[in-house]
Every structure is written in C-alpha cells, then in structure tokens.
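Engineer: One structure, as structure tokens, below. Some questions next.
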Amino acid sequence: MMRAGYAAEVTVTDGQRFASLGGVAVRNRRLVLLWLRGQALRLANGHGHGLARATDSLRLPTSDVRPVLFHGSDAPEGLRFWATDGERQDDAIRALEAGFPVLHTVVDPAVGLSLTLAGWRGSLACHHL
C-alpha cells in the first residue's frame, strides 16, 4: 500500500472548542491543493443552505467536510477569494513544494468562529494544529 505524501484538514474553533470538519491524505501536493480549493468553494457557496458540491466532478479519495453555517458574508467571501485567486494558489503550491504548510483562516466575527484550511507534507495522523 502506497503511503500518502500530503494531507489536508479543515478545522473550526470558537476560541474555546476545536473540531475537525474533515481531512484527506493524498499522494501529491496538487491533489492537496485541489481538495482544499474544492472544500473552500463548497463551504463558501453553501453559506448555510443546500450545500453545492464543487468537488462532484473530481475523483478525490475523500468525502466532503461537514458544512458550516456562517452568520455573515465575510468568511464565505474570504474562502471564495482564496480558492479562486491565482496569486494565492501559486503561493500555496510554492509553499507546499518548499515543504511548508499551507494555512488559510477566515473568521465569522458575528459568532467568533474561525475556520482554517490546512495542507502539509506528511500524514493526517501525525499532524497537530
């Protein structure tokens, strides 16, 4: 069995509690970034209603993360911007190539919720946020 070379996770915290909404282990950095982008768009486009599945056409070895109900529009817009901005995606792939993690956090100030997308070289089991 081939061991995954990269992992990604989506987490949420309210400042007191922390939870993983889901994660994936894949063989290369491009798949990690593709998964993170798909989850960012899915969460942003869902914005608490019938969640659109931006990753339906992709054949990634994972299920989608659990949905999040945002109370304002800043967090979904921040996710959407990160996922669709070419410069941010170029920065992310370069960071992964250099062995650094990719982190993107959005905040919903109405309820003090922080959602973080993270990708790194290694396995899901050995990562601690």
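The values are calculated or read from the model by the stated rules, or taken from the named source; none is laboratory data. This is a predicted model, so every value here is computed, not measured. Counting neighbours? That spans all protein chains shown, and the Cβs are built from the backbone with ideal geometry, glycine included. For the accessible areas, the whole protein counts, side chains as well, though only heavy atoms, and no ligand, DNA or RNA atoms are used. Shrake-Rupley method; radii C 1.70, N 1.55, O 1.52, S 1.80 Å.
Engineer: Which of (1) modelled with pLDDT of 95 or more; (2) under 23 Å from residue 27 (Cα atoms) does residue 87 not meet, given it meets every other one?
Structural biologist: Result: residue 87 passes all but (2).
Engineer: Something else about it: Can you work out which of the residues in the range 79-110 that are farther than 18 Å from residue 13 by Cα and part of a loop (DSSP other than H, G, I, E, B) is most open to solvent (accessible area, probe 1.4 Å)?
Structural biologist: Among those that are farther than 18 Å from residue 13 by Cα and part of a loop (DSSP other than H, G, I, E, B), it is 100.
Engineer: Something else about it: When you scan the range 17-57, how many residues do you find that are open to solvent by 20 Å² or more (accessible area, probe 1.4 Å) and at pLDDT below 90?
Structural biologist: Of the residues in that region, 11 qualify.
Engineer: I've got another one for you. Out of the residues in the range 1-16 that are of a type in the set (A, V, I, L, M, F, W, C) and out of contact with any strand residue (DSSP E or B) (no Cβ under 6 Å at 6 or more places or on another chain), state the one that is surrounded by the most Cβ atoms within 10 Å (Cβ to Cβ).
Structural biologist: 2
Engineer: Also, quick follow-up: Among the residues in the range 58-78, are any buried (at least 18 other Cβ atoms within 10 Å of the Cβ), at pLDDT 95 or above and within 11 Å of the chain's Cα centre (by Cα)?
Structural biologist: no
Engineer: I've got another one for you. Just a yes or no: is a residue in the range 113-125 farther than 19 Å from residue 20 by Cα, touching a strand residue (DSSP E or B) at 6+ places or on another chain (Cβ under 8 Å), open to solvent by less than 20 Å² (accessible area, probe 1.4 Å) and at pLDDT 95 or above?
Structural biologist: No, because not a single residue in the range 113-125 is farther than 19 Å from residue 20 by Cα, touching a strand residue (DSSP E or B) at 6+ places or on another chain (Cβ under 8 Å), open to solvent by less than 20 Å² (accessible area, probe 1.4 Å) and at pLDDT 95 or above.
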